[in-house]
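Student: Submitted below is the structure of interest, expressed as structure tokens.
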Amino acid sequence: MLVSDKAFIIKKTPFKETSLILNVLSRNGGLQSFVVKGALRPKSPFLGILEFLNEVEIYYNKKENTTLYTLFKADLIRDHFSLASSSGLLMDIGFLVQLTRRNIPFNEPVPALYQSFYYLLRGVEEKKGNKALLYYFLTLIQEMGLSLHLSGACSCGAKKSPYFNPENGSFYCEKCQKGRFVGEKMAFHLKTLADKKGKEIEITSRETKTYFDVLKEYLKFHK
Ligand SMILES: [Zn+2]
């Protein structure tokens, strides 16, 4: 059965003389691997299209009993060349992509993740990279089955909860204080993002960096 789908290129590895193994995150197929025959030949129609983070329309034949398909055509929808000029952002995205490839099963649709990856790249282009980055990270954590406790309040009922405990993913107030100090806005910011109300808030680069590091630390306790 001939299938077409929208996909983001998340990894490419040379294969044999002139071919590639491609990893993508696609809208209907989730994480998938493809063989792209002859992709590295000088006159290949795939030249310049299968670059990291590009958004493409892919065409392949879906068969039973295989999960490594042959890609026979790809059209460029959008390239994300502009990202290359921001190395810090590219590193953060690279980290999240690697985390995705290692923790999300291949060949299973993950629509929420695809959608938030779409927002991530669009957000970065529209200079809303901070929120987009954190939103994707939160969605990924959720897809990994490691959701944070984002009530926005401490378990004692106190509304301000500037401490985060990476062992259990909960926020605590000054009095109950467990874990590390992250600032009283983090719980609120992450909850607002998780509720898809990110438009209502601003998150600075400095806050983003803190939250990003804290979330990384959280993952260390759970893998
Ligand atoms: Zn408390």
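Student: Out of all the residues in segment 136-149, is one or more within 16 Å of the ligand (Cβ to nearest atom) and crowded, with 20+ Cβ neighbours inside 10 Å?
Tutor: Taking segment 136-149 first, the residues within 16 Å of the ligand (Cβ to nearest atom) are 149.
After this cut, where a residue has to be crowded, with 20+ Cβ neighbours inside 10 Å as well, the list is none.
Within segment 136-149 (the criterion being within 16 Å of the ligand (Cβ to nearest atom) and crowded, with 20+ Cβ neighbours inside 10 Å), the answer is no, since none of the residues qualifies.
Student: For segment 171-190: of the residues being surrounded by 18 or more Cβ atoms within 10 Å (Cβ to Cβ) and part of a helix (DSSP H, G or I), which is nearest to the ligand (Cβ to nearest atom)?
Tutor: Ala187
Student: Going through Asn103, Asn130 one at a time, which residue ends up being in contact (Cβ under 8 Å) with a residue 40 or more places away in the chain and touching a helix residue (DSSP H, G or I) at 6+ places or on another chain (Cβ under 6 Å)?
Tutor: On the way: Asn103 fails: touching a helix residue (DSSP H, G or I) at 6+ places or on another chain (Cβ under 6 Å).
Of the residues listed, the single one that is in contact (Cβ under 8 Å) with a residue 40 or more places away in the chain and touching a helix residue (DSSP H, G or I) at 6+ places or on another chain (Cβ under 6 Å) is Asn130.
Student: Oh, and also: Do you know which residues across segment 150-170 are more than 11 Å from the ligand (Cβ to nearest atom), under 15 Å from Tyr211 (Cβ atoms) and in a loop (DSSP other than H, G, I, E, B)?
Tutor: Hits for segment 150-170 are Leu150, Gly152, Pro166, Gly169.
Student: Further, regarding this structure: Filter segment 154-170 for residues that are in contact with a strand residue (DSSP E or B) (Cβ under 8 Å, 6 or more places away or on another chain) and closer than 17 Å to Thr192 by Cβ; which is surrounded by the most Cβ atoms within 10 Å (Cβ to Cβ)?
Tutor: Checked segment 154-170; the qualifying residue surrounded by the most Cβ atoms within 10 Å (Cβ to Cβ) is Phe164.
Student: So, one more: Which condition does Ser19 not pass, out of (1) under 28 Å from Ser87 (Cβ atoms); (2) in contact with a strand residue (DSSP E or B) (Cβ under 7 Å, 6 or more places away or on another chain); (3) without any contact (Cβ under 8 Å) to a residue 24 or more places away in the chain, if it passes all the others?
Tutor: Here Ser19 meets the rest and fails (1).
Student: Now, a different point. Restrict the check to segment 32-52 and report whether at least one residue is in contact (Cβ under 8 Å) with a residue 24 or more places away in the chain, among the basic types (Lys, Arg) and outside the structural domain of Asn103 (by TED's automatic domain parsing).
Tutor: Looking for residues that are in contact (Cβ under 8 Å) with a residue 24 or more places away in the chain, among the basic types (Lys, Arg) and outside the structural domain of Asn103 (by TED's automatic domain parsing), one finds at least one in segment 32-52, hence yes.
Student: Going through Ala153, Ala112 one at a time, which residue ends up being over 24 Å from Arg206 (Cα atoms) and either aromatic (Phe, Trp, Tyr) or free of Cβ contacts under 8 Å to residues at least 40 places away in the same chain (or both)?
Tutor: Matching residue, one of Ala153, Ala112: Ala112.
Student: Quick check on segment 130-143. Is at least one of its residues at pLDDT below 95 and on the phi > 0 side of the Ramachandran plot?
Tutor: So far as segment 130-143 goes, no, none of its residues is at pLDDT below 95 and on the phi > 0 side of the Ramachandran plot.
Student: Can you pull out the residues in segment 17-52 that are aromatic (Phe, Trp, Tyr) and closer than 21 Å to Asn107 by Cα? Full working, then the answer.
Tutor: So in segment 17-52, the residues aromatic (Phe, Trp, Tyr) come out as 34, 46, 52.
Phe34, Phe52 - these are the residues of segment 17-52 that are aromatic (Phe, Trp, Tyr) and closer than 21 Å to Asn107 by Cα.
Student: Report yes if Leu89 is assigned by TED's automatic domain parsing to the domain that holds Glu200, within 17 Å of Thr208 (Cα to Cα) and not aromatic (Phe, Trp, Tyr), otherwise no. Please lay out each step first, then the result.
Tutor: Working: assigned by TED's automatic domain parsing to the domain that holds Glu200: yes; within 17 Å of Thr208 (Cα to Cα): yes; not aromatic (Phe, Trp, Tyr): yes.
Considered against the rule, which asks whether it is assigned by TED's automatic domain parsing to the domain that holds Glu200, within 17 Å of Thr208 (Cα to Cα) and not aromatic (Phe, Trp, Tyr), Leu89 comes out as yes.
Student: Could you tell me whether Gln115 is away from the ligand (no atom under 15 Å from the Cβ), under 18 Å from the mean Cα position of the chain (by Cα) and exposed (fewer than 15 other Cβ atoms within 10 Å of the Cβ)?
Tutor: yes
Student: On to the next question. What residue, of Phe212, Phe164, is more than 16 Å from Ala132 (Cα to Cα), in contact (Cβ under 8 Å) with a residue 24 or more places away in the chain and of a type in the set (Phe, Trp, Tyr)?
Tutor: That would be Phe164, the only listed residue that is more than 16 Å from Ala132 (Cα to Cα), in contact (Cβ under 8 Å) with a residue 24 or more places away in the chain and of a type in the set (Phe, Trp, Tyr).
The values are calculated or read from the model by the stated rules, or taken from the named source; none is laboratory data. The shown structure was predicted, so the numbers you read here are calculated from the model rather than taken from an experiment. Note: ideal-geometry Cβ built from the backbone for every residue, glycine included; neighbour counts use all protein chains shown.
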